[in-house]
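Values quoted throughout were computed directly from the atomic coordinates according to the rules given, and no laboratory measurement underlies them. Being a predicted model, the structure only gives us computed values, none of them experimental. Here Cβ is always computed from backbone atoms with ideal geometry, including for glycine, and neighbour counts include all displayed protein chains.
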Amino acid sequence: MKYKIITYGCQMNEHDSEKIAGMLEGMGFRPAAEDNEADVIVFNTCLVRENAELKVHGKVGSYKPLKEENPDLILAVGGCMMQQQEIADEFYRKHSHVDIVFGTHNLAELPVLIQQVKSGQNRIMEVWEGDRGLVPDVPTRRKNDYQAWLTVIQGCENYCSYCIVPHVRGQERSRPPEDILKEAENLAREGFIELTLLGQNVNSYGQDLEENINFPTLLDKISSVSGIKRIRFMTSHPRDFSRELIAVCAAKDNICPHFHLPVQAGSTSVLRDMNRGYTREEYLKLVEGIRQKIPETAITTDIIVGFPGETEQEFEETISLVKKVRFDMAFTFTYSPREGTPAAGREDSVPRQEKSRRLQRLMKVQNNISQEINQELIGSQQKVLIEGESKKDPDYYSGRTATNKLVIVPACPAKTGKIVPVKITEAGSWTLYGEITGNCQS
Ligand code: SAH
Ligand code: SF4
Ligand code: F3S
């Protein structure tokens, strides 16, 4: 019996897919190399922007012929898109070749649903509301044996006015610190060297717990687990990025000097309309504070252009903020109205063409900055965690610096999963190129 999982969306979803894989392997399934070998195919969906949703419809639709050829094949669709009741209902009606629809909250129930379908039950749609507490821990099949994701908090309660995530991921629920630490210790014992702590806003960690613990304290504890060489976390809400957190990051060598701090917009009025809870000036001050205490740090961000009512001048404030901060990298998006969010009800939307124009302009400015920052690294030595074959060419391997920059080096299989010194020889906006210094074989 074999399975395949197709994942859309953020790291949270990627990690959920690792849990789905872990549960399926627990049922005796093994990974399928090809679609037509699979007995179960699971789609883990995202709906953060319209094109994420369109992709899922297209992809799931394309499996209809395979299902007709092989009626025993089980198709299951879960994730954020299915957690939105109206969308899930319509999806279930439209894609009649899908056997199971499940939500983010009842992920752990998937094995039971698969058993029910296998034992002859018809199609099933089972989506729980988000008020049943933490999604329980389940076995996890990780992407490799040296890097692991670790959930610290589920859900989001920030309700940024454009965002659907709180509607599909539910209230904030922190995992008990003992569970997180136990998982970190087990991972270290198994030889994992890099942990990425996950949450939509890790900085809210602990607020819903009875015990007195917050994210900086948790991070400090995790960073003391022996054997863990790199710790990353995402995402941090700029509003809640405290001095205490900066101090912990500065004090611990194994906390990577890279912070993903989504700014979303550069104008205080747009930030207010977005319900982000900070001003342009507060954001700039935060970046300055981080850079003062942790000098070689990389800062990346997410930016939305064309939020309803965003004027040309407000957009220019985003450009000027980008120039001022000089982000190492930015994920840039045009605003996409999400039904059920406050911003989607606004009538002052920016025309599509104008949104694209703003995006193009922003990308150009940011790419130049990324290129300039990366060029300065030419000639430097970086510590790179080698992750295996590069996507484009098996003669090359890729890895990440502590600052999370992608580095391409000549193939070096013996170094996969190891941190090695690399001399940087070339740089583009997105990628660095270099050579491992020292012997590649040992
Ligand atoms: N929790 C994270 C982000 C999760 S979603 C945070 O608060 O920063 C990832 C990114 O998608 C967001 O940072 C935002 O830039 C973008 N995004 C979310 N909703 C969007 C929408 N409706 N239209 C366009 N981009 C959106
Ligand atoms: Fe969405 Fe805002 Fe929560 Fe991030 S913090 S997931 S953007 S509501
Ligand atoms: Fe998408 Fe859900 Fe993540 S909507 S961005 S997969 S939390």
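Determine the gain in length on full extension of the stretch GLU389-LEU284; use 0.36 nm per residue of separation and subtract their C-alpha separation, reporting nm with one decimal.
On the way: separation 105, 0.36 × 105 = 37.80 nm, distance 3.79 nm.
Extra length available between GLU389 and LEU284 comes to 34.0 nm.
Here is the tail figure for region 147-375: Cα pairs spaced more than 26 Å apart come to 41 percent of all pairs.
Remark: spin-label model distance SER356-GLN85 equals 3.7 nm, labels positioned 7 Å along the Cα→Cβ axis.
When you filter the trypsin sites (Lys or Arg not before Pro) in region 272-346 for DSSP loop state and at most 15 other Cβ atoms inside 10 Å of their Cβ, you are left with ARG326, ARG346. Label-to-label distance for GLU426 and LEU134 is 4.7 nm, based on points extended 7 Å past Cα in the beta-carbon direction.
Placing a label point 7 Å from the Cα of GLU14 along the Cα-to-Cβ direction, the residues of region 109-153 whose backbone N falls under 19 Å of that point are 140-153. Spin-label model, THR437 to GLU339: label points 7 Å out along the Cα-to-beta-carbon direction sit 5.8 nm apart. Name the residue, out of ALA414, ALA344, ALA32, whose mean-square fluctuation peaks in a Gaussian network model built on the chain with Cα pairs under 10 Å. So, out of ALA414, ALA344, ALA32, the one fluctuating most is ALA414. Computed from the C-beta positions of HIS97 and SER242, the FRET efficiency with R₀ = 41 Å rounds to 0.25.
Name the lysines eligible as straight-distance cross-link partners of LYS415: C-alpha to C-alpha under 30 Å, and not fewer than 8 places from it in the same chain. Answer for LYS415, where 30 Å is the Cα cut-off: LYS4, LYS19, LYS143, LYS182, LYS221, LYS229, LYS252, LYS383, LYS391, LYS392, LYS405, LYS423, listed by chain and number. When you filter the chymotrypsin sites (Phe, Trp or Tyr not before Pro) in region 126-170 for DSSP loop state and at most 16 other Cβ atoms inside 10 Å of their Cβ, you are left with TRP128, TYR159. Computed over the alpha-carbon pairs of the chain, the distance histogram in 10 Å steps reads 4, 19, 28, 29, 17, 3, 0 percent, short to long.
Okay, helix-only estimate at 222 nm for the chain: each DSSP H run of n ≥ 4 adds -39500 (n - 2.57), divide by all residues, round to 500 deg cm²/dmol; what do you get? It would help to have the intermediate numbers written out before the result.
Numbers: 14 runs with 151 residues, N = 442.
Helix contribution divided over all residues of the chain: -10500 deg cm²/dmol.
Projecting the Cα atoms of LEU187, LEU261, GLN207 onto the dipole axis of region 173-272, where Lys and Arg carry +1 and Asp and Glu carry -1 at the beta carbon, places LEU261 farthest toward the positive end.
Which peptide among 38-44, 387-393 comes first, and what is the full order, when sorted by highest mean count of other Cβ atoms within 10 Å?
Details: 38-44: 23.0, 387-393: 14.1.
Answer by packing, highest mean first, reads 38-44, 387-393.
Rounded to the nearest 5, the antiparallel percentage of DSSP beta bridges internal to region 147-375 is 10%. Using alpha-carbon positions, what is the distance between the centroids of region 74-106 and region 156-206, in Å? Computed from Cα coordinates, the inter-centre distance equals 24 Å.
Stretching the chain fully between ARG346 and GLU68 yields a gain of 95.8 nm (0.36 nm per residue, less the alpha carbon separation). A straight line joining the Cα centroids of region 330-359 and region 385-442 runs 37 Å.
In region 2-126, Rg over Rh equals 0.92, where Rg is the alpha-carbon radius of gyration and Rh the Kirkwood radius from pairwise Cα distances.
Counting Lys and Arg as +1 and Asp and Glu as -1, each charge on the Cβ, what is the dipole of region 306-388 about the Cα centre in debye, to the nearest 20?
Values: 12 positive and 13 negative charges, 39 e Å.
Dipole about the Cα centre, nearest 20: 180 debye.
Here is the result for region 52-99: no chymotrypsin sites (Phe, Trp or Tyr not before Pro) lie in DSSP coil with at most 12 other C-beta atoms within 10 angstrom of their C-beta. Remark: the GLU37-SER320 segment gains 96.7 nm on full extension, using 0.36 nm per residue and subtracting the alpha carbon distance.
For the chain, modelled as a GNM whose springs connect Cα atoms under 10 angstrom apart, the maximal fluctuation among HIS105, HIS95, HIS260 occurs at HIS95.
In debye to the nearest 20, how big a dipole does the chain give about its Cα centre with +1 on each Lys and Arg Cβ and -1 on each Asp and Glu Cβ?
Values: 54 positive and 62 negative charges, 201 e Å.
Once rounded to the nearest 20, the dipole reads 960 debye.
Express in whole angstrom the spacing between the alpha-carbon centres of region 268-325 and region 45-73. The distance from the Cα centre of region 268-325 to that of region 45-73 comes to 36 Å.
GNM on the chain, C-alpha springs below 10 Å: top fluctuator among GLY428, GLY266, GLY78? Comparing GLY428, GLY266, GLY78 in the GNM, the peak value goes to GLY428.
Taking the DSSP bridge list for region 1-142 and keeping only pairs wholly inside it, about 0 percent are antiparallel.
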